[in-house]
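Engineer: One structure, pasted below without further comment.
The values are calculated or read from the model by the stated rules, or taken from the named source; none is laboratory data. Predicted, not measured: the structure shown is a model, and the values here were computed from it. Heads up, the Cβs are rebuilt from the backbone with ideal geometry, glycines too, and the neighbour counts pull from every protein chain shown.
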Amino acid sequence: MIYLLVLVAFLALISLILYNSLIRKKNDVENAFASVDVMLKKRYDLIPALVDAVKGYMNYEKDLLKEITELRARALSDNLTGEERVKIENKIRKNLADILVAVENYPDLKANQNFLKLQGAINETEEQLAASRRAFNAAVTVFNNAVEVFPSNVMASLMKYERKTLFDIPESEKVKPDISPLSLKRLIE
């Protein structure tokens, strides 16, 4: 009888430890995603300032400026799925990079102190966003390992926890960019 009580107490303790561990890991994932969200909000706040700073100079990139403004508005809407949001984020990242490359054609803009400060803020925000994504992916990996590895997978299935998706870069963006002078000239034209 005493052995049965010890066994039940041991199993209850293990269950409690697994339960609390999974809850902590889930909360770490949510916290890391909130950090990504904060950096995205910071990026969204910089976009109108960037558009205002460059629109007087960039006559040929009006479509790009309009598109990035529209993407920002869509990204701020609440009714996006995770997949849609990632696609919009990727387009925003690409458009920001295109704008910063196009600046090379505008010496007056490159010399503008306000633009230079804004460009620095955007670069810093992109670096912080990359760091936030790495932290999110680390938290998701720890969570996914706990959800899939025995014995915590048993508790995870009872709690209806499933694998979470990593924040990754699409294959199209993993290709090394062509930055030869000829390709840059074509991009600008």
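Engineer: Enumerate the helices (runs of 4 or more DSSP H) found wholly within region 123-189, keeping only those where 1 or more residues are within 26 Å of Lys91 (Cα to Cα), at pLDDT below 90 and acidic (Asp, Glu).
Structural biologist: Values: elements: 152-158, 171-174, 181-188.
Once the helices (runs of 4 or more DSSP H) in region 123-189 are filtered for at least 1 residues that are within 26 Å of Lys91 (Cα to Cα), at pLDDT below 90 and acidic (Asp, Glu), what remains is 171-174.
Engineer: What are the pairs, 6+ residues apart or on separate chains, where a residue within region 89-113 that is of a type in the set (Phe, Trp, Tyr) has its Cβ under 8 Å from a residue that is modelled with pLDDT under 75?
Structural biologist: Tyr106/Tyr57; Tyr106/Met58
Engineer: Okay, moving on. Quick check on Val54: is it more than 30 Å from Met155 (Cβ to Cβ), of a type outside the set (Gly, Ala, Ser) and surrounded by 12 or more Cβ atoms within 10 Å (Cβ to Cβ)? First the steps, then the outcome.
Structural biologist: On the way: more than 30 Å from Met155 (Cβ to Cβ): yes; of a type outside the set (Gly, Ala, Ser): yes; surrounded by 12 or more Cβ atoms within 10 Å (Cβ to Cβ): yes.
The answer is yes for Val54.
Engineer: Considering each of Leu22, Leu96, Leu100, Leu46 in turn, give the residue that is at pLDDT 90 or above and assigned to a helix (DSSP H, G or I).
Structural biologist: On the way: Leu96 fails: at pLDDT 90 or above; Leu100 fails: at pLDDT 90 or above; Leu46 fails: at pLDDT 90 or above.
Answer to the selection: Leu22.
Engineer: Could you list, ordered by first residue, the pairs with Cβ atoms under 6 Å in which the first is in region 41-53 and without any contact (Cβ under 8 Å) to a residue 24 or more places away in the chain and the second is of a type outside the set (A, V, I, L, M, F, W, C) and part of a helix (DSSP H, G or I), at least 6 apart or interchain?
Structural biologist: Sorted first by the residue in region 41-53, then by its partner, the pairs are Val51/Thr69.
Engineer: Considering (1) within 27 Å of the chain's Cα centre (by Cα); (2) surrounded by 15 or more Cβ atoms within 10 Å (Cβ to Cβ), say which one Tyr106 fails and leave the rest.
Structural biologist: Tyr106 satisfies every listed condition except (1).
Engineer: Tell me, yes or no, whether region 64-81 has at least one residue that is surrounded by fewer than 17 Cβ atoms within 10 Å (Cβ to Cβ), in contact with a Lys or Arg (Cβ under 9 Å, 6 or more places away or on another chain) and not in a helix (DSSP H, G or I).
Structural biologist: Yes, there is a match, as at least one residue in region 64-81 is surrounded by fewer than 17 Cβ atoms within 10 Å (Cβ to Cβ), in contact with a Lys or Arg (Cβ under 9 Å, 6 or more places away or on another chain) and not in a helix (DSSP H, G or I).
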